[in-house]
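The numbers here are math on the coordinates, done by the rules we state, and not lab data. Note that this is a predicted model, so its numbers are computed, not measured. Every residue, glycine as well, gets a Cβ built from its backbone with ideal geometry; the counts of neighbours run over all protein chains shown.
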Amino acid sequence: MFTGLITAVGTVREVSTTDAGRELVIAAPYEGLIDGESIACNGACLTVIRHGAGWFAVAAVVTTLERTTIGLWTVGTPLNLERALAVGDRLGGHIVQGHVDGVGEVRQVVKRDDAWLIDVAVPPAIDELLVPLGSIAVDGVSLTVNALPAPGILQLSIIDHTWRHTTFSTLAVGDRVQLEGDLLAKHLKRLAAPLLTQ
């Protein structure tokens, strides 16, 4: 489990195909890593399979590649990173599982006053979970839905701190981002489905 508060920005150092899947070596400043722990990489929960000073390795299997942007990551790709929540830590964002629900596409990035507005086209399954001022994780970052300007469009308002401490400053129109809908919204949708079909 994660909070969506990014603790480091890492960089893909190596990419290879192995028996474990698409294997990535990621440069990161973390200390005290152990094999088997979970790290959210742009919001996708991945397992550390090896590590060393200033790096760790993870692998993504076919089903993960089908649901995420990991297949697009190459050497040099910057990644938002977050280690799993420890018992007793502050939950400053919202509950993020690291289970990517879909992929969106950046449609607009504009600076307005003291924030950056980013419009993202989202798949219908994500759009159904969104409400103004609700929560969503985008590339692993816990964010508030700023507005829903059109069907299938999510607008984010990114504050300066988030802009400077995540990969959002590198986003451009056409980039694809990983999305995780709010856990509570997903459960409510599932519970309400039988009532809505009556």
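What to note about this one:
- Each residue of the stretch 65-79 was assigned a 3J(HN,Hα) from its phi angle through the Karplus expression (A = 6.51, B = -1.76, C = 1.60, θ = phi - 60°), giving 4, 5, 9, 10, 9, 4, x, 8, 6, 10, 4, x, 4, x, 9 Hz with x at Gly and Pro.
- Mean residue ellipticity at 222 nm, helices only, the chain: -4000 deg cm²/dmol; runs of at least 4 DSSP H residues each add -39,500 (n - 2.57), and the sum is divided by the number of residues.
- Between the helical axis of 183-196 and the longest alpha-carbon principal axis of the chain there is an angle of about 40 degrees.
- Alpha carbon centroid spacing (whole Å) that separates the stretch 1-76 from the stretch 87-135: 21 Å
- Farthest toward positive dipole pole in the stretch 102-191 [+1 Lys/Arg, -1 Asp/Glu at C-beta], among Asn146, Leu188, Ile136: Leu188
- Among (i) 32; (ii) 52; (iii) 35, the entry derived from the coordinates for percent of Cα pairs over 25 Å apart: (iii)
- Amide H within-cut-off set for Ala44, under 5 Å, with H built and near neighbours excluded: none
- With R₀ fixed at 35 Å, the C-beta to C-beta distance from Lys189 to Thr11 puts the FRET efficiency at about 0.45.
- Cα-centred dipole magnitude for the chain, charges only on beta-carbon of K, R (+1) and D, E (-1), debye, nearest 20: 140 debye
- Within the stretch 100-118: backbone nitrogen closer than 20 Å to the Leu72 label point (7 Å, Cα to C-beta): 100-110, 117-118
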